[in-house]
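Before any comments, here is the structure.
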Amino acid sequence: MKVLVIEDEPKVAGFIKMGLEEQAWEVEIAYDGVVGLSLALQKNFEIIVLDINLPLMNGFEVCRQIRAVNPSVPILMLTALGATDDKILGFDNGADDYLVKPFEFKELVARIKALHKRSLDSTRHTVILKLADLEVNTDEKTVRRNGIKIDLTAKEFLLLAYMLRNKGKVISRSDIAVKVWDISFDTGTNVIDVYINFLRKKIDRDFSPKLIHTVIGMGYIMKDETA
């Protein structure tokens with residue numbers, strides 16, 4: 001596996017490079033955002049590990065520009081910024097996962113393996129997911145409700161698709177954490193609740209019937225109560 005590490009601290013970058021090479025992975029390092037972006041766009045990497053506080057160009061902008069050209073390469077943000085707003089900004093700019101420093105190296109490896117597996121498992125054939133007048137095309141990554149196109153971020157799309165694949169079932173926050181974020185649920189974060197609210201505003205607020213429902217103490221369910 002070819003991994004690009006965009007990290008401005010030489011000791012941290014060297015530590016990550018040495019550890020990942022012990023996994024028999026090929027690792028390249030960029031020490032600022034501009035060089036990192038250039039390498040990401042010029043070469044074919046299977047995983048990108050990206051810091052946020054970088055010289056010349058911050059990680060949010062690097063991620064956004066990579067996503068504009070390459071929507072499929074897995075990007076893991078590895079940063080000391082651990083606030084919920086920082087995580088949401090990372091996901092909104094196209095990150096697939098977010099790991100806060102300081103971190104355990106074995107968790108970094110597990111996250112990378114999970115992202116790589118999900119990338120390999122992604123299918124090419126078109127799947128249409130439907131509920132009431134909501135329609136999701138998993139190939140074109142488009143969402144329409146009552147024929148109206150709805151724009152979602154990458155993480156919002158993954159969350160909606162997962163809920164639609166499990167429509168009629170109660171989904172716990174821990175299920176969502178594992179299946180959408182590839183992480184264990186952290187009870188100290190409200191990122192999942194925040195993203196559910198984002199979806200509600202875009203999918204339900206201006207439409208009827210409401211499709212996203214809260215099951216108190218258990219999680220969420222997607223269903224058409226009028227059916």
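With an 8 Å Cα cut-off and a minimum separation of 6 or more residues, compute the relative contact order for the chain in percent. Write out the running numbers ahead of the final one.
Working: 357 pairs, mean separation 29.4, N = 227.
It comes to 13 percent, rounded to a whole number.
Between SER38 and SER208, full extension at 0.36 nm per residue minus the direct alpha carbon distance yields a gain of 56.6 nm.
Measuring r between the beta carbons of LYS201 and GLU26 and using R0 = 45 Å, the FRET efficiency lands at 0.60. Across region 58-110, Cα pairs under 8 Å and at least six residues apart give a relative contact order of 39 percent. For the chain, the longest principal axis of the alpha carbon atoms and the long axis of helix 59-69 meet at an angle near 70°. Gain on full extension, evaluated as 0.36 nm per residue between VAL12 and VAL69 minus their Cα-Cα distance, stands at 17.7 nm. Could you tell me how many degrees, from 0 to 90 and to the nearest 10, lie between the Cα long axis of helix 105-121 and the main elongation axis, the longest principal axis, of the Cα atoms of the chain? Once rounded, the angle reads 60 degrees. What residues from region 94-109 fall in the zone where the backbone N is under 12 Å from a label point 7 Å along the Cα-to-C-beta line of HIS116? From region 94-109, the list is 109.
Do me a favour and compute the ellipsoid semi-axes for the chain from its Cα gyration tensor, root of five times each eigenvalue, largest one first, whole Å. Spell out each step's value before the answer.
On the way: eigenvalues 221, 66, 49 Å².
Output for the chain: semi-axes of 33, 18, 16 Å.
Helix 33-42 and the longest principal axis of the C-alpha atoms of the chain enclose an angle of approximately 80°. Plainly put, region 26-135 has a radius of gyration that is 1.01 times its Kirkwood radius, both from alpha-carbon atoms, as the Rg/Rh ratio.
Close amide-amide hydrogen proximity is noted between LEU50 and ILE6, LEU76, MET77, LEU78, each under 5 Å apart and 5 or more residues distant or on a separate chain (H modeled in the peptide plane; Pro and chain starts excluded). Per residue, the chain exposes 51 Å² of accessible surface when a 1.4 Å probe is rolled over the protein heavy atoms with every protein chain present.
The values are calculated or read from the model by the stated rules, or taken from the named source; none is laboratory data. None of the values given here were measured: they were computed from a predicted structure. Don't worry about glycine lacking a Cβ; one is built from the backbone with ideal geometry, like all the others, and counts go over all protein chains shown. Surface areas here come from the heavy atoms of the whole protein model, side chains and all, with no ligands, DNA or RNA. Shrake-Rupley method; radii C 1.70, N 1.55, O 1.52, S 1.80 Å.
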